[in-house]
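A.B. asks: The structure's right below; bear with me while I get my questions together.
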């Protein structure tokens with residue numbers, strides 16, 4: 001595992017119009033977590049590369065997403081479809097950030113870890129993790145199943161309240177068979193890289209509309225908090241929960257999805273927030 005890098009210095013200037021506080025928009029802030037040092041709050045969010053819409057109508061949402069990530073108030077934020085760079089969009093949008101998106105989105109005092117999954121004509125994008133707690137190390141593994149989809153997992157070890165927690169950020173494929181093979185590879189990765197009995201969090205966009213992956217993960221003791229209304233996709237009219245936070249060695253406590261126009265305008269997914277007892 002690669003050793004941790006120093007915290008990224010926080011940018012200024014893009015917090016001019018703060019979002020309403022999460023609790024005013026149906027996002028339950030972790031008041032209990034602030035009082036108890038054994039609660040871990042994890043959010044996962046597919047940010048759609050910081051841009052919404054198509055063609056001339058597309059709009060830059062990365063600034064609003066920066067505000068949104070702060071309002072999630074999570075100890076760990078797992079992000080998918082994060083751009084390291086895109087020369088085409090940087091030329092098109094006047095206010096394109098001059099730093100990679102993971103660094104731009106990291107709230108003050110957080111460490112940002114990013115690794116590329118896909119290389120494109122104009123740049124590259126991948127998974128990222130933002131941590132309130134110290135990052136002890138990180139690594140990346142390619143989980144691409146075929147040449148038409150470049151996928152990867154990001155493994156980050158975090159010191160949460162003095163306990164080592166292994167967090168894996170995933171963005172699985174669009175083809176059902178690919179997802180099953182990627183989950184099998186994830187299982188092998190955990191067996192190889194994570195000590196037996198160590199707490200594990202697997203979070204991200206699973207792209208799964210059914211229960212097959214949930215059942216596969218349960219076979220190696222990975223569970224999530226079950227909530228009947230935690231739909232995250234499509235953001236405007238959520239019909240399915242494509243985004244999940246599974247854990248081993250932690251106790252699921254709650255699950256919540258912020259909803260409303262202010263959230264569905266920023267991405268095609270809604271964020272998912274889960275709390276666990278360490």
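A.B. asks: How do 44, 116, 251, 232 rank when sorted from fewest to most other Cβ atoms within 10 Å of their own Cβ?
C.D. replies: 251, 116, 232, 44
A.B. asks: Using a 7 Å offset from the Cα along the Cα-to-Cβ direction at both residue 220 and residue 136, what is the distance between the two label points in nm, to one decimal?
C.D. replies: 2.0
A.B. asks: Counting only C-alpha contacts under 8 Å and six or more residues apart, can you give the relative contact order of segment 44-109 as a whole percent?
C.D. replies: Computed over segment 44-109, the figure is 37 percent.
A.B. asks: A follow-up question, please. Nearest-5 percent of antiparallel DSSP beta bridges in segment 36-277?
C.D. replies: Among the beta bridges of segment 36-277, antiparallel pairing accounts for roughly 85 percent.
A.B. asks: Divide by every residue of the chain the summed helix terms, -39500 (n - 2.57) for each DSSP H run of at least 4, and state the resulting mean residue ellipticity at 222 nm, rounded to the nearest 500 deg cm²/dmol.
C.D. replies: Dividing the helical sum by the residues of the chain leaves -5500 deg cm²/dmol.
A.B. asks: Right, something else. Over segment 36-277, what is the mean sequence separation of C-alpha contacts under 8 Å (at least six apart), divided by residue count, expressed as relative contact order in percent?
C.D. replies: Answer for segment 36-277 is 21 percent.
A.B. asks: Let me ask another. Quick check: residue separation of residue 144 and residue 261 times 0.36 nm, minus the Cα distance between them. What number comes out in nm?
C.D. replies: This chain segment gains 38.7 nm when fully extended.
A.B. asks: Give me 164, 179, 147 sorted ascending by neighbouring Cβ count inside 10 Å, so fewest comes first.
C.D. replies: 147, 164, 179
A.B. asks: Ok, one more. Where does each of 108, 157, 124 land when they are ranked from fewest to most other beta-carbon atoms within 10 angstrom?
C.D. replies: With the sparsest Cβ surroundings first, the list reads 108, 124, 157.
Taken together, the values in this text are just the output of simple stated rules run on the coordinates, not laboratory data. Because the structure is predicted, anything quoted here is derived from the model rather than measured. Glycine gets a Cβ as well: all are built from the backbone with ideal geometry, and neighbour counts include every protein chain shown.
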